[in-house]
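Inspection log for the structure reproduced underneath, given as structure tokens.
The values are calculated or read from the model by the stated rules, or taken from the named source; none is laboratory data. A quick note: this is a predicted structure, and the numbers were derived from the prediction, not measured. Ideal geometry is used to build each Cβ from the backbone, glycine not excepted, and the neighbour counts take in all protein chains shown. To get the accessible areas, we keep the full protein, side chains included, count just its heavy atoms, and leave off ligands, DNA and RNA. Shrake-Rupley method; radii C 1.70, N 1.55, O 1.52, S 1.80 Å.
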Amino acid sequence: MNLAQLTNQNLIRYDITSTKKEDIIRELVQSLKAENVISDEKAFFESVMKREETSETGMENGLAIPHGKSDTVNEAAFAVARLENPVKDWESIDPNNEVELVFLLAIPTKEAGSTHLNVLAELSTRLMDQTYYNGLLEASNAEEFITRLNTYEKEQGDSSADKSDQSDSEKVILGITSCASGIAHTYMSAEALEKAGRELGYTVITEKQGATGIEDRFTYDQISKADGIIFATDLPVKEKDRFKGLAYVQTRVAAPLKDSTKLLNQVLNNPDGTVRASEEGGSGQPVKDHNGKKQTVLQEMVQAVMTGISYMIPLLVAGGLMMGIAKLGAMPFGLVNEINDIAFATHSNELLVILHHLDKLGFMLFQFIYAIFAAYTAYAIADRVGIVAGFVGGLFANGVHFRFWGIEDGIESGFLGALVLGLLAGYLSRFLNQKIKLHKNLQAMKPMFLIPAVSVLIIFLANFYAVEPVFGALNAGMERAIVASAESGEVILSSIIAAATAFDLGGPVNKAAGAINIGLAADGVFPLTARVLSIVIPPIGLGVATVIDKFVVGRRVFNANLRVTGSTSILLGFLAISEGAIPFMLQNPLITIPTNIIGAILGSVTAVMLGAVQWLPLPAIWGWPLVDNVVAYLIGLLVGVLFIAFTNIFIRNSLIKKGKMTI
């Protein structure tokens with residue numbers, strides 16, 4: 001590998017006499033600016049010094065590797081200072097280190113995955129080789145230094161043999177390294193762990209989570225054979241769920257450079273604990289199940305949907321709480337249902353203005369629920385390259401494009417569209433990432449330009465010609481069915497309105513049912529009883545299920561994410577925000593949608609037959625006292641909620657027992 005391509009003789013300094021770290025770095029930064037490596041000298045210097053505050057960049061044997069990641073870096077490169085006077089106070093891993101040789105790495109923020117960053121990673125690894133390092137230290141001038149940069153190629157072949165000799169060793173230890181900049185410490189720490197493993201007779205395998213993403217990703221076999229894992233990271237570990245049950249040690253990325261032997265012995269004899277699953281899922285690549293078999297496409301899709309849900313939940317909760325706070329705050333003023341009126345944006349009461357904007361904020365966040373869901377569903381399949389196409393697909397599913405394009409009568413594809421487009425975006429982006437081959441100097445174009453452009457275009461065409469016509473037509477057909485049922489009997493019409501309202505929890509079918517029922521109520525033709533009950537029954541019923549599941553069947557059948565969502569769903573249900581139940585629907589549509597519909601029908605019909613009547617569109621808890629025969633109304637509510645809660649618990653418990661579902 002030609003390391004000299006990232007430097008030149010003007011960047012190799014033998015004339016720096018200062019013994020102060022800041023002055024040395026500043027002079028090297030000036031050299032980088034003179035060679036047009038960086039565009040803003042001051043900004044890059046500040047990024048390097050900020051990195052210095054994070055952890056030591058001095059190593060041992062006279063070496064220091066300061067580095068900075070910044071948008072001001074035009075292209076990855078490095079400058080070198082061979083100091084005349086050793087620096088004794090450079091913060092170093094070895095407290096006795098006297099710095100004689102300084103490598104300043106310039107890392108562009110936007111160049112993740114490029115060949116240049118791979119070259120910097122190779123440099124960091126080579127500097128751990130004492131023979132190679134001594135050769136650089138002994139170079140007498142810049143020309144000789146550059147020549148010696150590339151003398152490592154012939155020696156490189158020996159290291160792989162060393163690793164293979166350990167394949168049958170008794171202990172297998174994994175190591176993950178990552179630092180803030182993703183280059184120097186990441187690779188040097190990995191090399192230090194592997195070197196110490198060879199000396200101790202252990203097989204040490206490392207995965208680098210650096211600036212180029214996950215490199216040398218562990219295989220299933222490696223994980224299954226491991227005796228423990230060392231997380232030497234300054235950043236959160238990616239895809240930590242892979243290591244569930246493994247003994248681990250968590251430390252800083254610089255720790256292996258100080259004493260790798262101690263860490264290897266610690267993970268075997270005195271670990272910090274065992275890795276527990278985060279329940280987020282999402283590996284960014286095809287994974288294997290607990291038996292070591294490659295997941296089926298269906299299993300991978302389910303895992304991807306789970307990941308999308310886990311990322312969507314915080315947005316859903318935030319939006320619901322903003323609307324809830326606004327409505328609860330408006331209660332003392334008797335303006336609960338008027339607070340969203342645009343006139344309140346300029347109301348004389350400042351509190352009402354704030355509440356109005358909070359309510360609008362919550363509504364706005366709801367517009368991006370499907371976008372976040374689809375984006376991270378795609379991310380779970382294709383990693384970062386899938387996010388953009390997934391996000392755009394989610395916007396299409398929520399009908400945002402109709403509003404941008406001024407189309408008033410467009411019918412969005414709803415949650416089914418988001419599901420299909422999110423999965424399509426993931427598989428499409430992964431396919432493009434695997435199949436597009438570029439010259440090494442053009443690699444950065446693939447994730448930054450080609451994959452987003454091609455995948456978004458295909459998602460647009462797929463939505464325009466397939467997804468929206470199919471699911472939009474389905475939603476439109478249900479709307480026509482509701483209109484056609486207006487002349488039916490009371491029980492039949494109540495059942496149809498309840499089913500449509502509960503079907504997609506605030507989606508296009510729900511809205512169509514609401515528009516029609518409100519029109520009938522305004523004309524005094526048919527009350528809103530079934531409509532308002534069916535808004536609150538699903539979110540409360542699903543929320544109650546997450547609270548009582550352990551008491552009913554003796555075990556948890558909902559994971560931690562859904563239990564948190566369930567608590568929020570109950571609150572949002574009382575506030576008449578049915579979107580709180582969307583995560584349940586997306587995770588298990590074949591269970592949730594039918595039970596929601598049946599529960600809403602049972603509850604609504606029970607209330608209607610017992611004599612409950614509501615003409616006002618007030619489904620939230622403060623509207624219940626205005627119902628004629630509120631006792632019948634509450635009985636119907638209870639019937640629907642309990643049906644949904646118990647049905648979900650028993651079905652999930654049965655599937656878990658049969659091994660067809662995990663929580």
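For the stretch 1-100, a simple Cβ point-charge model (Lys and Arg +1, Asp and Glu -1, everything else neutral) yields a dipole of about 200 debye relative to the Cα centre. Computed from the C-beta positions of SER654 and SER348 and an R0 of 51 Å, the FRET efficiency is 0.30 to the nearest 0.05. Scalar couplings 3J(HN,Hα) for the stretch 21-30, obtained by applying the Karplus form with A = 6.51, B = -1.76, C = 1.60 to θ = phi - 60°, are 3, 4, 5, 5, 4, 4, 5, 5, 5, 4 Hz; x denotes Gly and Pro. Placing dummy labels 7 Å off each Cα toward the beta-carbon, the span from ARG276 to ILE492 is 5.5 nm. Under the rule a/c < 1.5 gives rounded, and otherwise a/b versus b/c splits prolate from oblate, where does the stretch 12-77 land using the Cα gyration tensor? Because a/c hits 1.5 or more and a/b fails to exceed b/c, the stretch 12-77 counts as oblate.
Here's the picture: charge each Lys and Arg Cβ at +1 and each Asp and Glu Cβ at -1 in the chain, and of VAL525, ILE12, PHE460 the one pushed furthest to the positive end of that dipole is VAL525. Between GLN299 and ASN269, full extension at 0.36 nm per residue minus the direct alpha carbon distance yields a gain of 7.2 nm. For the set LYS33/LYS437; LYS550/LYS660; LYS225/LYS435; LYS208/LYS240; LYS225/LYS658, the pairs lying more than 21 angstrom apart at their alpha carbons are LYS33/LYS437; LYS225/LYS435; LYS225/LYS658. Along the axis of the charge dipole computed for the chain (Cβ charges of +1 for Lys and Arg, -1 for Asp and Glu, origin at the Cα centre), the listed residues SER604, ALA121, LEU424 are led at the positive end by SER604. Annotation: amide H-H contacts under 5 Å for ILE12 (H modelled 1.01 Å from N, sequence separation of 5 or more, or interchain): VAL80.
Paramagnetic label reach from ARG384 (point 7 Å along Cα→Cβ; backbone nitrogen cut-off under 19 Å): within the stretch 217-238, residues 217-218, 233-238. The distance between label points at MET445 and THR109 comes to 2.5 nm (points 7 Å beyond Cα on the Cα→Cβ vector). Taking amide H atoms as placed 1.01 Å from N in the peptide plane, the amide H of VAL204 lies under 5 Å from those of ILE173, each 5 or more residues away in sequence or on another chain. From the list [x] 48; [y] 33; [z] 43, can you say which value of percent of Cα pairs over 38 Å apart was derived from the structure given? Of the listed options [x] 48; [y] 33; [z] 43, [x] comes from this structure. For VAL253, nonlocal amide neighbours, meaning residues 5 or more places apart or on other chains whose placed amide H falls under 5 Å from its own, are THR233, ASP234. Each DSSP beta bridge with both residues in the chain is either parallel or antiparallel, and the antiparallel ones are about 40%.
Using a simple spin-label model with pseudo-atoms 7 Å out from Cα toward Cβ, GLN222 and ASP341 lie 6.4 nm apart. Of the residues TRP615, TRP624, the one with the largest accessible area comes first in the ranking TRP615, TRP624, computed with a 1.4 Å probe on protein heavy atoms.
Calculated [222 nm] ellipticity per residue, helices only, for the chain: -18000 deg cm²/dmol; basis is -39500 (n - 2.57) per DSSP H run with n ≥ 4, divided by all residues, nearest 500. Using 1/(1 + (r/R0)^6) with R0 = 41 angstrom and r between the beta carbons of VAL470 and ALA560, what's the FRET efficiency to the nearest 0.05? The pair VAL470/ALA560 has a calculated efficiency of 0.70. Across the stretch 416-432, computed HN-Hα scalar couplings (Karplus, 6.51 cos²θ - 1.76 cosθ + 1.60, θ = phi - 60°) run 5, x, 4, 4, 5, 5, x, 5, 4, 4, x, 5, 5, 5, 5, 4, 5 Hz from first to last residue, x flagging Gly and Pro.
Summing Cβ point charges (Lys, Arg +1; Asp, Glu -1) relative to the Cα centre of the chain gives a dipole of roughly 2040 debye. Dipole orientation for the chain: of the candidates LEU193, LEU361, TYR133, LEU361 has the Cα lying most toward the positive pole (charges on Cβ; Lys, Arg +1; Asp, Glu -1).
Kindly state, to the nearest 0.05, the FRET efficiency for ASP129 paired with PHE431, given R0 = 45 Å and r defined as their beta-carbon distance. E(calc), rounded to 0.05, equals 0.70.
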